[in-house]
Each structure stands twice: as C-alpha cells, then as structure tokens.
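The values are calculated or read from the model by the stated rules, or taken from the named source; none is laboratory data. All figures in this text were calculated on a predicted structure; none of them were measured in a lab. Virtual Cβ from ideal backbone geometry, glycine too; neighbours counted across all protein chains shown.
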Amino acid sequence: MIWRRPFPWLIALATALFVLLPLWRGSVQLRESLLLAAVYITLASNLNLMIGYAGYVNFGNIVFFGLGGYFCVYLVNDWNWNLVLSALAAGIIVSALAFLFGLGILRLRGAFFALATIGVNEAIKQFVTNFEPWGGATGIYLSLEAYAPLGGPRQALWIVYFMLVAVMALSLVASYAIKNSKLGLGLLAIGENEDAAAILGVPTPRYKAIVYSVSAFLPAVAGGLYFFKSGIIEPGGAFDLTLSIEAIVMVMLGGHGTIMGPAIGALLYEEMRGTLLTIPTFSHFQLVIAGLLLLVIVLFAPGGLMGFIHRHWPASRKFFE
Amino acid sequence: MIGVLASIIDGVLVGAVYGLAAMGLTLIWGVMRVINLTHGAIIVFGMFALYFFVSTLGLPAYAAVPFSLVFGFGFGVALYWIAAHRVIDRPILMSLLATFSMNMVLIGIGTALFSTSPYNVPVSLPGLRWQAYTFTGTHIVAAVIAVAIAGLLYLLLYRTRIGKAIRAVAGNRDAAELCGIPTTQVLSFAFGLGIALAFVSGTLIATLFPFTVLSGQAYQVKSFVVTVLGGLGNPAGALLGGITLGLIEGAATPFMPVSWIPIVEFVLFVIALLAFPRGIFSFSRS
C-alpha cells in the first residue's frame, strides 16, 4: 500500500506547512517568499523528470512557464475566461505543443538536444516579441477588473497562492507516481543507456516525447497563475533564460533523479538567493555565485545533497526518495 | 535585385566571422566531445578586449587581434583546467553543466564590470564603392582576417607536430596516449585554441556591430547553427557553414524585419540537425 510508505506523508506534510504557515502568521511577506518557493519547486521537480530520470538536459525549460503564462493571461484578458479554466487550458495547449515538438527534437541525442532547447527558448522569445496579438515587446497588462471574479486583488493573491501550492504538491505527486511507474522505469533505463533501453523494448521516442510533454504541463499552469498574480507579462520576464538555468542549479543542488532532492534544492536556492539579494555586495554577483555553486556540485558532488545523504546513510533511501 | 546581391555579399563577409567563431566551438567538440557553453561569454570578452584596446588604451583597433589570440589561448588553457578537465569522460550532462556554470560566472562578472548597457567601438575605414552601394571597410577587413586565421589554423592542424597530435587525440585518445602523446596537455592546448578562436572572433564582431554583455547568447546560437550546418567537429565545414549562414541572413534581410532573423536561424538549425546530422558539407559518409 502506498500509504504505508513514508514518502506520501512527507508530501502531505510539506503542503500543509505551505498552506498553514502564512495563514497562521498572517504575513504577506512570508506568503510571497513561499509563493516563489512553490514556483521554484514546481519548475525544479518537472525539470527533474527530464534531467534526472531521462538524462536529457533541457536548457529551455522556462519556455513552458512563459508560454503557459502568455496563454493564461491572454485567455483571462482578451477572452474573459475564468482563471482556473485559463490556467488549465494553458497547461493543456503547452503540453500538446511540447508533445508535437518533442517528437521532432527528441530524435536528437544528448548534446544536440541540449543545444536545440536553448534555441527553442530563444526562438519562441523572438516570436512572442514580434507577435502583435500578445502585445509584442511590451507584453500584456491585466486590468484590475480581471481580479474581480476572485473577490478583488487582495483576496485573489491568496487564492492564487493556494492554487500554486496545489500545483507544487501535484508536481511532487507526479514525480513520485512517474518514478514508480512503468514509464518511470523506462525513463531511468533511457538515462542509463538509451541504446540498451531501446533494444530491451523500451519505446524510447514515445517515452521521451511523453515525459517532455508531461514536464511541460504543470510549469505551464504555474506560469499562468504566476503571471496572473503579477498582472503583467512581457517576453523578457516570461522567457528568462537565467531562471531556466537556476532551475537546473536547484535540481543539481538537491540531487537529480530523486524526488525530494529538487524540492529541497529549490527551497535552499530560494533562501540563498533571498539572502544574497539583500546583501548589497552580493546582489550583483548572484549569477556568479549560482554558477560557482553549480560548478562545484558538478565537479565534486554530482549526486547533489540527496546523493550525499544516500551515500553516507544508506538507510535513508527508504525515507527520502 | 542588385540591392539583394549587395546584401548577400555583405552577409557572406560577416558570415566568415561567424565561421571563425564556430571553428572554436567545433574544434573543442571534435577533439574532446565537450560542447563548450562558455562560447558566448568568451565572444563577449573578446568584444570587450577591443573596447579596452581602443577606448581605454587608444591603440588602433586591429592591434587587438594578435593580443586576443594570445590572451584567449591563455584564458582557454586556464578554463580547461577549471571546468573541462574533470568532466571529459563523464556523461555529456556533466560537461554541459560544467561549461554552462562557467558561462554564468563569466557573464555575471561581465555584468558587474560593464553593466548591460550597449557599447560601440567606432572603427572607421574607407569602404568599397560599387554602383549605388558601399561595402563597409570594416566588414571586408574582418572577413579577410577571419579567413587568414582560419588558414593559419589549417596550417597548424595539418603541417605541424602539435597539430598532428591534436588530430591523433581527436581520433582515438587511448591509442594516442599509447603512442606516447601527452594527451592531457594536447587537450588543454586544443581547448585553448578553441577559446582563442572564439575570443578573436568576438574582437572582430565588435568592430562591426555594437554590443552588450548579453550579446554572447545570440552569437552562441549562431555558432551552434553554423557548426550544425558544417558538421560538428569539422573546422573547414564550420567556415563554410558560417559563410552559408551569412549568405542566408544577407538574402533574408531585405525581405523581413531583422527581429525575425533568429527565428529563421532556429528553424534552419532544427532542419539541419534532423535532416543532415553530419553537416551539409560532409560528402564522405564513411
């Protein structure tokens, strides 16, 4: 039984903490920082499906987040759809696009795929910058009326926060479910050795396209909610390659291929980033520090935090997956 | 019609410089199977080397070229030991991430030093007039220098001992080691060479266009397109690929707004990757 294992309870506990902590403290500041953490955890967990499970580096993972944001904000603003519907629609559209696209570019292996994903992000950013219905380079601004159905801006922010926490919890559940499924085993096999996996009967092109598409869905929904909350979306902010890379740092920091690792990495990174940004000397060197951190992890601790814990306390594998 | 032709010729001139940049990328891939994601940052540093020479020291612009080659080489050897040496035989994921993290560090330092505002180094040379069109002098000189450096690289790779060693290591590292070639040194030399090419191409690009710390990304994507067109790991193909890309850009510019060019490039990139994974110039399919 799944409920006998400790891990689902950990997810439930983390979600409960995310919901209750800001309510209990009544602190908007805490809510904002947890909101960012929830977004990061969503991005990192879904990116981990590609990097950790299938061993494919997706440098352009932020493209899902940004496109989801654009579709959702566009539907809310121009078509007056309600938020939940728009966010879900954005997720489905982006996921479908990712599937179609994945069938094409996932024929590329390893390094070539990674190169293509950088190109995807740049090309879509350029496309959106030139796309007039989405406001071109200036983007889309939401009017205050967009928040009216949720009971005004103040209440809307709380509602969006809870939705984002739900998306975060779903990401963790999805990571868990996929890892324990046939798909997950197939992906891990692809990550180990793609040719061997294909020979043993893993339908590699289909599995890769499926996981590419799955890893697009929740980030797109999160992007929709996040940019709805911001009230503005423009190409520079939506397709920010830096955030893409930061998501990779989070995954590697926590430990790729594990379920908790990316989430812990995201939390740690969010805390670190917050601290660095408030110290004036370091605020300009945020990228440098993230880079050095990534370099040190890659060179000396490729398993990340979870890899370190698993190596030193093998018994912990049962509890922290 | 003549306008289009002029635009194409100009594109080819600029394309030779793209080819030079891509040669650096493709050389490193060919020798050690590492995709160098610091490429864009190195190009940017090359650009700022020109800025430093002209605006700070007041020297003539093209004096920066030999300096860039030497400095870029030293920088590349250092970079090899920092970021590439430990990841060469590890999964591709690791070398991608290691070079990317160095890219972040370099761009971060660059942003802190120069901010992200645009820079422009004015280089004035007389142009060549042809009917109603003038070919900018800087474009011609940059193309000539790019082709000359490419020729030097050819001589180095095919007419010297170290070049032979580089080709041996690219072919089979273990066998080269058994033949008494110090492969680690050769790898660091090749990495330095690749970085030097990227660095000097940055210097040349800076004589043509204004730039910012973040321009590297766009040129890096161009280099990827060029390497894929020319076949990864094939320096001569990279030069031809660069010229092809310049030709396509030049032919497309009169017909569409400049901001659509990256999308065209990307589409080209994906098509080339899927249809010609070994490059459009690889005639021998052995």
Could you say whether any residue in segment B:15-22 is out of contact with any helix residue (DSSP H, G or I) (no Cβ under 6 Å at 6 or more places or on another chain) and assigned to a helix (DSSP H, G or I)? no
In the set A:Leu277, A:Leu293, A:Leu218, the lone residue that is within 14 Å of chain B (Cβ to nearest Cβ), in a helix (DSSP H, G or I), aliphatic (A, V, I, L, M) and in contact with a Ser or Thr (Cβ under 7 Å, 6 or more places away or on another chain) is A:Leu277
A:Leu49 - would you say it is more than 14 Å from every other protein chain (Cβ to nearest Cβ), touching a Cys at 6+ places or on another chain (Cβ under 9 Å) and crowded, with 20+ Cβ neighbours inside 10 Å? no
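Looking only at segment B:222-238, count every residue that is more than 11 Å from chain A (Cβ to nearest Cβ) and not in a helix (DSSP H, G or I) and tell me the total.
Final tally of qualifying residues: 3.
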If we keep only residues of segment A:296-316 that are facing chain B (nearest Cβ under 8 Å) and not in a loop (DSSP other than H, G, I, E, B), then the residue farthest from the chain's Cα centre (by Cα) is A:Leu299
| message | I'd like to check something: does segment B:111-124 contain any residue that is out of contact with any Gly (no Cβ under 7 Å at 6 or more places or on another chain), assigned to a helix (DSSP H, G or I) and either of a type outside the set (A, V, I, L, M, F, W, C) or away from every other protein chain (no Cβ under 14 Å) (or both)? | response | yes
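For (1) outside any helix (DSSP H, G or I); (2) surrounded by 20 or more Cβ atoms within 10 Å (Cβ to Cβ); (3) not basic (Lys, Arg), each residue gets a yes or a no:
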residue	(1), (2), (3)
A:Val160	no, yes, yes
A:Ala169	no, yes, yes
A:Leu185	no, no, yes
A:Lys208	no, yes, no
Given (1) outside any helix (DSSP H, G or I); (2) in contact (Cβ under 8 Å) with a residue 40 or more places away in the chain, B:Arg129 misses just (2)
Inset, instruction - Take B:Ala175 and decide whether it is in contact with a helix residue (DSSP H, G or I) (Cβ under 8 Å, 6 or more places away or on another chain), crowded, with 22+ Cβ neighbours inside 10 Å and not basic (Lys, Arg). - result: no
Query raised in the report: surrounded by fewer than 20 Cβ atoms within 10 Å (Cβ to Cβ), in a helix (DSSP H, G or I), more than 13 Å from chain B (Cβ to nearest Cβ) and touching a Ser or Thr at 6+ places or on another chain (Cβ under 7 Å) - does that describe any residue in segment A:221-241?
Result: no
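Yes/no matrix, rows are residues, columns are (1) free of Cβ contacts under 8 Å to residues at least 12 places away in the same chain; (2) small (Gly, Ala, Ser):
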{"site": "B:Ala146", "(1), (2)": "no, yes"}
{"site": "B:Ala150", "(1), (2)": "no, yes"}
{"site": "B:Leu155", "(1), (2)": "yes, no"}
{"site": "B:Ala170", "(1), (2)": "no, yes"}
{"site": "B:Ala176", "(1), (2)": "yes, yes"}
{"site": "B:Cys179", "(1), (2)": "yes, no"}
{"site": "B:Gln185", "(1), (2)": "yes, no"}
Segment A:45-136: helices (runs of 4 or more DSSP H) wholly inside it with 3 or more residues that are within 19 Å of A:Ile190 (Cβ to Cβ) are A:83-105, A:110-129
### Query
B:Lys164: part of a helix (DSSP H, G or I), basic (Lys, Arg), closer than 22 Å to B:Val65 by Cβ and modelled with pLDDT of 85 or more, yes or no?
no
Selection over segment B:14-43 where residues are surrounded by fewer than 24 Cβ atoms within 10 Å (Cβ to Cβ) and either touching a His at 6+ places or on another chain (Cβ under 6 Å) or of a type in the set (Phe, Trp, Tyr) (or both) yields a count of 1
Whether any residue in segment B:145-152 is in contact with a strand residue (DSSP E or B) (Cβ under 9 Å, 6 or more places away or on another chain) and in a helix (DSSP H, G or I) is what I want to check.
no
_Looking for something under 16 Å from the mean Cα position of the chain (by Cα) and under 21 Å from A:Val251 (Cα atoms) - is there at least one such residue anywhere in segment B:40-49?_
no
